[in-house]
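Structure record follows, encoded as structure tokens.
The values are calculated or read from the model by the stated rules, or taken from the named source; none is laboratory data. The shown structure was predicted, so the numbers you read here are calculated from the model rather than taken from an experiment. As a convention, Cβ positions derive from the backbone with ideal geometry for all residues, glycine included, and neighbour counts pool all protein chains shown. Side chains included, ligands, DNA and RNA excluded: accessible areas come from the protein's heavy atoms. Shrake-Rupley method; radii C 1.70, N 1.55, O 1.52, S 1.80 Å.
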Amino acid sequence: MTILLTTLNARYAHAALGLRYLLANMGELTEQTTIQEFVIGLRPTDIVEKILAHRQPDQKLIVGFGVYIWNVIEITQIVAILKQVAPEVVIILGGPEVSHETDKQEIIRLADYVITGWGDITFADLCRQILNGPKPLMKVHAGAQPPLTELKLPYQLYSDTDIRHRTLYVEASRGCPFKCEFCLSSLDKTAWPFDIDQFLTEMESLYQRGARLFKFVDRTFNLNIKTSLKIMQFFLDKLEANPADPVFAHFEVVPDHLPDALKEGIRKFPEGTLQFEIGIQSFNPEVQSLISRKQNNQKAAENIRWLCTESHAHLHVDLIAGLPGETMESFGKGFDHLVAVGPHEIQFGILKRLRGTPIIRHTDEYALRFDPQPPYTILENRDIPFTDMQRLVRFARYWDMVANSGRFANTLPVMLGDAPFARFMAFSDWIFANTDATHRIALDRLAALVSQWLQQHDNMPADEVKALLAGDYAGSAQHQQGASHKGQQAKEAKGKSTPQRQRQHLAA
């Protein structure tokens, strides 16, 4: 029997941690198992051809797919083709997208087996049954959740190529104790930690092999402060020992839980080495209550402001538009509040109906209407009609291009003035009316559009606008060579571990 573990990643730089967990826990089947990852955008027939190249004469081929909201359309096409040209291939699906509503999905109808929930142990067990019998009778198998001490960690399966060219995803814990209804983690009963000493031993091995960029997928990194401090100290020790070759660490943190001990550790990280992803989602207390999100808004804002002013951490803060009970007015008010707090990036997301999440309980009362195709983005609700939701979608895209990119650091405050949401919405409406595009706008053209907007909307003299943009990455002729002089200095000073967008913010 030959076993292939595969998925389609959003881009090459992503490395599938889940596949590596499966391989690490295959036991005696390890030698028969291999991983091959693909990237969205390849032709399904080409992927099928590469998958079938793993067939061996007189051997079964089992293909395990990791299915997510961003790749389910493509994998459905691939599975359909496989079943046409090689129906004897056994197909096993797993992942969050196929773990719920299993009776409603075409991809599940096409496949041989599905594992819902945790697949680390159950996938290998299912392969053994297929190989040795008796043949499994059920198509859908609930994944067993073993104690984390029984799982073999997968980090040695990151190849040298992965370490050199890809983001390494790691986790010190699984699960989440919070119950935010838009999130699949709301289905977890709690968070489960891995043995911290064993985990750090694995991180040390990755570091010694050359890993410098670590992205933690823990939902709540700062839940256990003692563990958080121990992990942070690991990275601080590396930075102190080798400042010329720094590490970069990304954590997702709870915004209203930042005790002094953690602040002292955070304060020690130099520029370009630490990033926090912080989920605010909404500043509206009524909306928070409706979706079972517990958050001290005042403390969260204070902590974000502290991180902005007292630390060198790069902050990526999330808001979600389209939540039940949130109006355009209340969302705009929360957006303005967050802009005033001052994070480096505001990730303006649009609500999605993830399969299995409790958010659907509000469907009737709040008239939630979602796109039936992945990623199931909300189209409208009781308080925000379709046309306004479309405006918010475009706002999110333009905000990412102009604000989050770090390329308009000097110009952005002038664009936002004292009414950030209203003024940027007006810019968003204007730029769409003049381009009919939200993608593939070259940087030179975008800078020219910003210039035109300021002159037309704010009556700024052309020479003032030109001078303002000249101080930005987007306005510098040198950006065509990949970075401004200042940006290049920042890149050299901070090393290759710092992601490009963070380098642009540092250079601002």
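Any residue that is touching a Lys or Arg at 6+ places or on another chain (Cβ under 7 Å), open to solvent by 40 Å² or more (accessible area, probe 1.4 Å) and within 26 Å of residue 330 (Cα to Cα) - is there at least one of those in the stretch 425-442? Yes, the stretch 425-442 contains a residue that is touching a Lys or Arg at 6+ places or on another chain (Cβ under 7 Å), open to solvent by 40 Å² or more (accessible area, probe 1.4 Å) and within 26 Å of residue 330 (Cα to Cα). Within the stretch 156-165, can one find any residue that is surrounded by fewer than 19 Cβ atoms within 10 Å (Cβ to Cβ), touching a Phe, Trp or Tyr at 6+ places or on another chain (Cβ under 8 Å) and not β-branched (Val, Ile, Thr)? Checked against the condition, which is being surrounded by fewer than 19 Cβ atoms within 10 Å (Cβ to Cβ), touching a Phe, Trp or Tyr at 6+ places or on another chain (Cβ under 8 Å) and not β-branched (Val, Ile, Thr), the stretch 156-165 yields at least one hit.
Evaluation of residue 224 against the conditions (1) touching a helix residue (DSSP H, G or I) at 6+ places or on another chain (Cβ under 7 Å); (2) over 24 Å from residue 320 (Cα atoms); (3) at pLDDT below 95 shows that the sole unmet condition is (1). Being farther than 26 Å from residue 360 by Cα and either modelled with pLDDT under 95 or surrounded by fewer than 15 Cβ atoms within 10 Å (Cβ to Cβ) (or both) is the filter here, so list the residues in the stretch 276-299 that pass it. Matches in the stretch 276-299: 298, 299.
Would you pick out the residues in the stretch 128-187 that are part of a helix (DSSP H, G or I) and over 29 Å from residue 198 (Cβ atoms)?
Step one: filter the stretch 128-187 for residues part of a helix (DSSP H, G or I), giving 128-132, 148-150, 155-157, 160-165, 184-187.
Matches in the stretch 128-187: 129, 130, 131, 132.
Pairs are defined by a Cβ separation below 8 Å, a sequence spacing of at least 6 or placement on different chains, a first member in the stretch 411-439 that is under 13 Å from residue 451 (Cα atoms) and in contact (Cβ under 8 Å) with a residue 24 or more places away in the chain, and a second member that is of a type in the set (D, E, K, R) and part of a helix (DSSP H, G or I); the pairs so defined are 415/423. Collect the residues in the stretch 188-212 that are among the basic types (Lys, Arg) and closer than 17 Å to residue 154 by Cβ, keeping them in residue-number order. Correct list: 209 only. Of the residues making up the stretch 20-37, those that are open to solvent by 10 Å² or more (accessible area, probe 1.4 Å) and in contact with a Ser or Thr (Cβ under 9 Å, 6 or more places away or on another chain) are 22, 23, 24, 32, 33, 34, 35, 36, 37.
Matching residues to (1) farther than 20 Å from residue 216 by Cβ; (2) of a type in the set (Asp, Glu); (3) open to solvent by 10 Å² or more (accessible area, probe 1.4 Å):
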| position | (1), (2), (3) |
| --- | --- |
| 304 | no, no, no |
| 310 | yes, yes, yes |
| 315 | no, no, no |
| 324 | yes, no, no |
| 329 | yes, yes, yes |
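Beta carbons closer than 7 Å, at least 6 apart along the sequence or on distinct chains, never pair a first residue in the stretch 47-72 that is assigned to a loop (DSSP other than H, G, I, E, B) with a second that is open to solvent by 90 Å² or more (accessible area, probe 1.4 Å).
Scan the stretch 362-381 for residues that are surrounded by 15 or more Cβ atoms within 10 Å (Cβ to Cβ) and either touching a residue at least 40 places away in the same chain (Cβ under 8 Å) or under 30 Å from residue 117 (Cβ atoms) (or both) and the total you get is 12. On inspection, residue 278 fails the criterion of being touching a Phe, Trp or Tyr at 6+ places or on another chain (Cβ under 9 Å), touching a residue at least 40 places away in the same chain (Cβ under 8 Å) and of a type in the set (A, V, I, L, M).
Please enumerate the residues belonging to the stretch 115-127 that are under 15 Å from residue 27 (Cα atoms), part of a loop (DSSP other than H, G, I, E, B) and small (Gly, Ala, Ser). Quick ask: steps written out before the conclusion?
Filtering the stretch 115-127 down to residues under 15 Å from residue 27 (Cα atoms) leaves 119-127.
Filter once more, so that each one left must be part of a loop (DSSP other than H, G, I, E, B): 119-121.
Passing the criteria: only 119.
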